[in-house]
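Undergrad: Sharing a structure with you now.
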Amino acid sequence: MRCKRELYMATFNACTIRKDSKVGELTHCARSLGIEVLGIQEHRHIHPTKLNYTRSEDYFLVTSSAWRNNAQAATGGVGLLLSNRARKALCIIKSYSPRILLAVFAGNPATSVIVAYSPTNVAETPEIELFYRHLRAAIHDTPAHNFLAILGDFNARLGPEDVRYPFHQSTN
């Protein structure tokens with residue numbers, strides 16, 4: 001994308017966009033705020049293909065499939081909501097996992113956008129290590145001269161590193 005004017009990117013933890021009305025609402029908000037590239041985490045939409053492409057008014061939604069948790073509820077999934085301008089500049093889109101998506105846009109320099117949805121602090125160590133291995137691979141596949149933006153929900157918690165679960169003190 002040749003940025004002769006500002007280009008707005010944002011990230012959004014949707015919690016769910018399984019209903020068409022939610023996608024329409026998200027599209028309306030992106031358009032009204034002038035957001036051209038919106039990284040979406042936790043859309044909870046399961047589809048049989050690795051990537052799903054949907055048109056939403058004058059925007060374009062690309063999602064990697066969510067997955068089922070132990071209780072069989074849909075969880076996770078990442079995606080990009082792209083304006084028509086961003087969609088026309090899209091060169092490559094690749095899913096590294098249901099948690100990592102890489103998109104490359106034409107420009108000088110090219111723009112690479114990684115959308116990421118990190119495991120929570122209660123996730124098992126192998127799941128966390130797999131996420132960071134996929135994130136490292138996506139970053140490694142981005143040429144050094146590209147502009148790189150990482151749009152994500154990293155489920156960050158502030159506090160001692162050795163505390164695995166949230167600590168709540170009583171206020172008595």
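The values are calculated or read from the model by the stated rules, or taken from the named source; none is laboratory data. Because the structure is a prediction, the values reported are computed rather than measured. Using ideal geometry, Cβ is built from the backbone for each residue, glycine included, and neighbour counts are taken over all protein chains shown. For accessibility, only protein heavy atoms count, side chains too; no ligands or nucleic acids. Shrake-Rupley method; radii C 1.70, N 1.55, O 1.52, S 1.80 Å.
Undergrad: Excluding ligands, DNA and RNA, what is the solvent-accessible area per residue of the chain at a probe of 1.4 Å, expressed in Å²?
TA: 59
Undergrad: What's the angle, to the nearest 10 degrees (0 to 90), between helix 20-33's Cα axis and the longest principal axis of the chain?
TA: Long axis of 20-33 versus the principal axis of the chain: about 70 degrees.
Undergrad: Would you mind working out the magnitude of the charge dipole of segment 21-156 relative to its Cα centre, with +1 at each Lys and Arg C-beta and -1 at each Asp and Glu C-beta, to the nearest 20 Debye? Working shown, then result.
TA: Values: 13 positive and 10 negative charges, 70 e Å.
So the magnitude is around 340 debye.
Undergrad: I've got another one for you. Taking the 0 to 90 degree range and rounding to the nearest ten, how far is the long axis of helix 125-140 tilted relative to the main principal axis of the chain, both from C-alpha atoms?
TA: 20
Undergrad: Projecting each Cα onto the charge dipole of the chain (Lys/Arg +1, Asp/Glu -1 at the beta carbon, about the Cα centre), which of VAL104, PHE154, VAL115 comes out farthest on the positive side?
TA: VAL104
Undergrad: If you roll a 1.4 angstrom probe over the protein chains with everything in place, what fraction of the accessible area of the chain belongs to carbon and sulfur, to the nearest %?
TA: 54
Undergrad: If you don't mind, another one. Calculate how large, on average over all directions, the projected area of the Cα convex hull of segment 35-111 is; give the answer in nm² to one decimal.
TA: In nm², the orientation-averaged hull projection of segment 35-111 is 5.3.
Undergrad: Further question on the same structure: Figure the gain on full extension for LYS22 and MET9 (residue separation times 0.36 nm, minus the Cα-Cα span) and round it to one decimal in nm.
TA: Working it through step by step, the gained length comes to 2.7 nm.
Undergrad: For THR75, what accessible surface area do you get with a 1.4 Å probe? Give it in Å², rounded to 10.
TA: About 30 Å², ignoring ligands and nucleic acids.
Undergrad: When the gyration tensor of the chain is built from Cα positions, what are the square roots of 5 times its three eigenvalues, in whole Å, from largest to smallest? Numbers along the way, then the final one.
TA: Numbers: eigenvalues 157, 75, 55 Å².
Gyration-tensor ellipsoid for the chain: 28, 19, 17 Å.
Undergrad: LEU33 accessible area, nearest 10 Å², 1.4 Å probe?
TA: Ignoring ligands and nucleic acids, LEU33 comes out at about 120 Å².
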